[in-house]
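The values are calculated or read from the model by the stated rules, or taken from the named source; none is laboratory data. What you see is a predicted model; the values in this text were computed from it and never measured. When we count neighbours, we look across all protein chains shown, and the Cβ atoms used for this are built from the backbone with ideal geometry, even at glycine. All accessible areas refer to the heavy atoms of the entire protein, side chains included, with ligands and DNA or RNA removed. Shrake-Rupley method; radii C 1.70, N 1.55, O 1.52, S 1.80 Å.
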Amino acid sequence: MDGAIQERQFKYIVIGGGITGVSVVEKIRSYDETGSILMITESDVVQAASKVNRITLNLEEFIIVEKSFETFRDVDQMLVIIRDKVVALESQKHALTTENSVSYGYEYLCICTGGSPQLISYTQTDGYEFSSHILGIRDTKSVAKVSLSLSNSSRVLVVGNGGIATEFVYETKSVDIVWAVKDASISSHYFDNGAACFLLASKQYQSQIGFSRFETTEGSSLSKRLKYTPSGLLPTEFDTPGSALGPDWHNEFLLHGLSESKSVDIQYKTEVQRLFAPEVHYDLLVIEFGLEEADETS
């Protein structure tokens, strides 16, 4: 950390302004009312859980809200929040350095930056570059990249069965989707097989009768939540790699493909084992099915 500007010492430093980071700050304050706390985040807003309601012993209901720095600081005047990025950490010295070459000391450190999606591994085949076709969603920056790629696609493969995958499949328009899930039903982390079947049947019925959600004149879904956006930046330019996606994240992006319609093919109990370059896939079709004039887009 040579050349860094030495700043004040904090008792607690929390890295990350997402739901976990905010929850940690609130929990620390419940045990230590006077300890100094520094929160370092790469976003202009923080995310917090509001109106927490315990339904059962193991089930809670809550609403995720976005708060500006000023709103969150009003609750705790001793809290310091800065927008910066940690680039170096010296655990033995209990100090860290940010991208702005500022050094902060701490007594306790909590890292709440979340994890990165585990992308499908691949082997280079005849010089074919798979990396530009394999995208993961974690934050608004990655969603912007997916949105751009989707605008040039007519067919996509969605691998995953979590909340983001479920929302993505539902919200995406004008694209053919193959949804690979490793479980026996969709969104198994959130509801059982019976509820999943009910939702799928309901969605199919809604499609048949031309069901659509209420939309604003701008074309985005209505939301009663208060939203914060950095001045001078468009939603697709809102680069927050340090924070997880917030509520209604899909409203800020255009998730449209090139197809004239949308279809979803769900493959249950499925995992991706290997990726093939287009030429190899075409050769396999010829060998297996004898398709001498097989369509390469099959």
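Things to note:
- Residue within the stretch 59-68 that is outside any strand (DSSP E or B), at pLDDT 90 or above and not β-branched (V, I, T) present: no
- Residue within the stretch 166-173 that is out of contact with any helix residue (DSSP H, G or I) (no Cβ under 8 Å at 6 or more places or on another chain), closer than 14 Å to Q267 by Cβ and assigned to a loop (DSSP other than H, G, I, E, B) present: no
- Filtering the stretch 20-41 to residues that are open to solvent by 50 Å² or more (accessible area, probe 1.4 Å) and either aromatic (F, W, Y) or within 17 Å of the chain's Cα centre (by Cα) (or both) leaves T20, Y31.
- The stretch 173-198: number of residues that are touching a residue at least 12 places away in the same chain (Cβ under 8 Å) and of a type in the set (A, V, I, L, M, F, W, C): 9
- So G136, is it modelled with pLDDT under 90, exposed (fewer than 15 other Cβ atoms within 10 Å of the Cβ), under 21 Å from the mean Cα position of the chain (by Cα) and not in a helix (DSSP H, G or I): no
- Of all residue pairs spaced 6 or more apart or on separate chains, those with beta-carbon atoms under 9 Å, a first member in the stretch 152-172 that is over 16 Å from P117 (Cβ atoms) and open to solvent by less than 40 Å² (accessible area, probe 1.4 Å) and a second member that is of a type in the set (S, T, Y) and in a loop (DSSP other than H, G, I, E, B) are S153/S259.
- Near pairs, Cβ below 6 angstrom, 6+ apart or cross-chain, from the stretch 71-94 (more than 9 Å from I40 (Cβ to Cβ)) to any residue that is loosely packed, with under 14 Cβ neighbours inside 10 Å: V87/E99
- Residue that is modelled with the highest pLDDT [pool: residues in the stretch 85-98 that are in contact with an Asp or Glu (Cβ under 6 Å, 6 or more places away or on another chain) and of a type outside the set (A, V, I, L, M)]: T98
- The condition of being open to solvent by less than 30 Å² (accessible area, probe 1.4 Å) and at negative phi holds for only one of I15, I120, that being I15.
- S43 meets all of the listed conditions (1) part of a strand (DSSP E or B); (2) at pLDDT below 80 but one, namely (1).
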